[in-house]
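Undergrad: For reference, the structure I am asking about is given below.
The values are calculated or read from the model by the stated rules, or taken from the named source; none is laboratory data. On a predicted model such as this, the values are computed, not experimentally measured, just so you know. Neighbour counts run over all protein chains shown; Cβ positions are idealised from the backbone, glycine included. We work out accessible area using only protein heavy atoms, side chains counted, and drop any ligands, DNA or RNA first. Shrake-Rupley method; radii C 1.70, N 1.55, O 1.52, S 1.80 Å.
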Amino acid sequence: MRPQPSPSPWLSLEVQLLGGDGESERASLNACTPGTNIVMDGKFVTDHCIPATVKKTFHGDQLVTVEMEVRGGDVIRHIVDGEVVMEYGKPQLDPKDADAKKLITGEGLLLKEGYIAIQAESHPTVFEKIELMVLEP
């Protein structure tokens with residue numbers, strides 16, 4: 001068994017949970033892809049942040065049901081209150097990114113597994129509950 005490279009904190013597939021400012025509209029559950037790329041609607045996407053296709057703004061303090069459906073490297077769905085707002089697949093390391101280059105092996109660029117992390121960058125975030133479920137293929 002060969003040793004695995006340490007994951008870089010700068011590489012990820014991120015789901016942005018954004019609240020509203022009370023006035024302006026802005027999408028939540030956008031995808032951000034530092035050091036990675038995705039395929040969406042059959043197109044290879046290299047943009048760093050991709051807005052959700054359904055723009056829902058959540059103003060003020062409220063609980064919102066968010067689901068992430070991840071089926072390996074095949075399909076990833078962002079779901080809010082039962083509505084799919086983004087779907088993509090084939091997440092992969094970006095060979096142009098210096099941190100990603102360190103992790104690229106002869107097995108290719110596609111990402112099929114990884115870690116789950118929760119991070120708040122600028123505002124307090126409250127989670128009523130977090131569940132992880134194994135999905136049937």
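Undergrad: Taking the Cα centre of the chain as origin, work out the dipole magnitude from +1 charges on Lys and Arg Cβ and -1 charges on Asp and Glu Cβ, in debye rounded to 20.
TA: Dipole size: approximately 600 debye.
Undergrad: Right, here's the next one. I'd like the Karplus ³J(HN,Hα) series for the stretch 48-54: coefficients 6.51, -1.76, 1.60, θ = phi - 60°, whole numbers in Hz, and an x wherever there's a Gly or Pro.
TA: Whole-Hz 3J(HN,Hα) from phi for the stretch 48-54: 6, 10, 10, x, 4, 6, 10.
Undergrad: While we're looking at this one, here's another question. Got a number for carbon plus sulfur as a percent of the stretch 1-130's accessible area, 1.4 Å probe?
TA: C and S atoms contribute 51 percent here.
Undergrad: Would you look at the GNM of the chain, springs on alpha carbons closer than 10 Å, and say which of 63, 13, 93 moves the most?
TA: Ranking 63, 13, 93 by mean-square fluctuation puts 63 first.
Undergrad: Would you mind getting the accessible area per residue of the chain, heavy atoms of the protein chains only, 1.4 Å probe, in Å²? Could you put the intermediate results ahead of the total?
TA: Details: 10080 Å² over 137 residues.
Accessible surface, normalised per residue, equals 74 Å².
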